[in-house]
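Asks: If you scroll down you'll find the structure; I have some questions about it.
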Amino acid sequence: MGKSPTGDDDSRKENRAELRRAFVLPVLIGLVALGVAGWNFANDLSQRQSQSSPAASTCEVEPRASLAPADGALLGVNLDFHSKPLATFAADLGHKPAVSVSFTGFPLTAKDEDDLAKAVDQIRADGHMMLLTLEPADGLSTVTDATATALAKDLDRFNKNDVPVIVRFAHEMNGSWYAWSQQPLEYVAAFKTLATAVHTNAPGSAMMWAPNYGGGYPFAGGKYEAKPGTADFAALDTNHDGVITMADDAYAPYYPGDDAVDWVGMSLYHWGATYPWGENEIPEANKFADQLTGNYDGANGDDSLLPDFYGVYGKDHNKPVAIPETAALYNPAVGGASEAEIKRAWWEQVFGAQTHAQFPNLKMINWFEWDKNEAEVNGRIDWTITNTPAIRDAFTAALPDWLHYGSGTNCSPAGS
């Protein structure tokens, strides 16, 4: 999840590993929770898996240009599948989510491919689209024509099983904590290689470029920060003053170009008012919009030197904009503002009428539905909106009519 620049490398790696573990979609946990209904679901899932083999895939592929709605935004979820299957979340929400977020390493292993196929089956039944976050943990050099083409062929198979895929490749590349961080020259080349393969071989899939929110840029002290004297450092020194600061453009050096990029994305969370995080604090008015447009100047600091992300990439480049992950921090172990006050204040910003009016190219919003330990807080944080009945009821009642949901599959693969 996108976090404060003060988060350390180990905590980010721990969070990503946890997301990948949850992505395995452990059906047995769902069976314990669902009892006999779960047993029937497992039989149905097994049947759907057998039907979704490459040879049986006959569903009509939705072209990538049609994945963004003409008006409004897709509502999606980043779900902890250890705690809740997608079907249960959909029932709690009262809608099938239009987008389901998944994480995997790259290049794909045989286990990764199997896990993805299982995710496709759940999404076909209880959602619509996959947002696939690819993490090249062994570095950008692993992106070759061969590995990119292999991925694209997998994506095409998923598309033909009625699940569109948007690939969020090597997200937060402008941070300093990942093996693909602050290497703009190699990053752009790798993104273009992958985009060419996806655009050529998987017409039902698209590419998303998603940097980290630039507050705190260039996130000095991270393991992978660009070093003076390198070509990457020179590329990041956009004002040519010999140093990299927030006065440099936190996004542009990493942009792979309009031909390669189909969507742009930025995860925005309310972690609290001031660092260190962990206190229950109500979001400031207009915080979401100000961060998305580079106008934030508040309790978290003065970020007004940042570019207008929405204005540059959503308007000037005319790309559909996604919020791949969002939520508001609630710490059950401390006092302060209540869970209802904090989360309501955040979702009223994210899903408010003013957001729809101000950001017509905002086409996807995904809630981070996790209750988990956070290293930055050294304790449990409840980010969820469906686990507490009163919060769930208030959230679902507040969902605006400009959101789009999933409808499950209308396609029956051959042999069904």
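What follows draws every value from the coordinates through simple rules; no lab data is involved. These numbers were taken from a predicted model, which means no experiment stands behind them. Cβ atoms come from the backbone with ideal geometry, glycine included; neighbour counts cover every protein chain shown.
Asks: Nearest 20 debye, what's the magnitude of the dipole of region 217-288 about its Cα centre given +1 on Lys and Arg Cβ and -1 on Asp and Glu Cβ?
Replies: With Lys and Arg at +1 and Asp and Glu at -1, about 260 debye.
Asks: If you look at just the Cα atoms of region 274-416, how large are its Rg and its Dmax in Å?
Replies: 17.4, 59
Asks: When the Karplus curve 6.51 cos²θ - 1.76 cosθ + 1.60 is applied with θ = phi - 60°, which whole-Hz ³J(HN,Hα) does each residue of region 304-320 get, with x for Gly and Pro?
Replies: 6, 7, 5, x, 7, 4, 5, x, 6, 9, x, 9, 5, 8, 6, 9, x
Asks: How much length is gained if the chain between K315 and S66 is pulled fully straight, taking 0.36 nm per residue apart and subtracting their Cα-Cα distance, in nm to one decimal?
Replies: Extending this stretch completely gives an extra 87.8 nm.
Asks: Hey, another quick one. May I ask you to order 138-149, 323-334 by the average number of other C-beta atoms within 10 Å around their residues, highest value first? Let's see the in-between values first.
Replies: On the way: 138-149: 16.2, 323-334: 21.8.
Ranked from most to least packed, the peptides come out as 323-334, 138-149.
Asks: Follow-up. From the phi angles alone, apply the Karplus equation (6.51, -1.76, 1.60; θ = phi - 60°) to region 325-342 and give each ³J(HN,Hα) in whole Hz, x where the residue is Gly or Pro.
Replies: After applying 6.51 cos²θ - 1.76 cosθ + 1.60, I find 8, 7, 4, 10, 5, 10, 9, x, 8, 10, x, x, 4, 7, 4, 4, 5, 5 Hz.
Asks: Enter the Cα centre distance for the pair region 171-243 and region 78-114, rounded to the nearest angstrom.
Replies: 26 Å
Asks: Stokes-Einstein D for region 66-157 at 20 °C, 1.002 mPa s, Kirkwood Rh over Cα pairs, in µm²/s?
Replies: So the translational diffusion coefficient is about 148 µm²/s.
Asks: While we're looking at this one, here's another question. Taking each pair of different alpha-carbon atoms in region 193-302 once, compute 1/r for the pair, average those values, and report the inverse of that mean as the Kirkwood hydrodynamic radius in Å to one decimal.
Replies: Mean inverse Cα-Cα distance, inverted, gives 16.5 Å.
Asks: How many nm separate the modelled label positions at N373 and T230, each set 7 Å beyond the Cα in the direction of the Cβ?
Replies: Once both label points are built, they end up 3.2 nm from each other.
Asks: Using each residue's phi in region 232-241, evaluate 6.51 cos²θ - 1.76 cosθ + 1.60 at θ = phi - 60° and report the 3J(HN,Hα) Karplus result to the nearest Hz, with x for Gly and Pro.
Replies: Values per residue, Gly and Pro as x: 5, 4, 4, 5, 7, 7, 6, 9, 6, 9 Hz.
Asks: Rounded to the nearest 0.05, what FRET efficiency is calculated for T142 and D258 with R0 set to 22 Å and r the Cβ-Cβ distance?
Replies: 0.30
Asks: Over 27 Å between C-alpha atoms is what I'm after, so list which of K96/K192; K192/K315; K153/K192 land there. Write out the running numbers ahead of the final one.
Replies: Numbers: K96/K192 33 Å; K192/K315 22 Å; K153/K192 17 Å.
Result: K96/K192 exceed 27 Å.
Asks: Continuing with the same structure: So how far apart, in nm, are the two label points at N239 and E279 if each is 7 Å from Cα heading toward Cβ?
Replies: Placing both labels 7 Å beyond Cα along the Cβ direction yields 3.1 nm.
Asks: For region 62-172, what relative contact order do you get, as a whole percent, if you take Cα pairs closer than 8 Å and at least 6 residues apart?
Replies: Normalised by residue count, the contact order of region 62-172 is 28 percent.
Asks: Rounded to a whole number of µm²/s, how large is the Stokes-Einstein D of region 58-216 at 4 °C and 1.567 mPa s, given Rh as the Kirkwood radius over C-alpha pairs?
Replies: D = 80 µm²/s.
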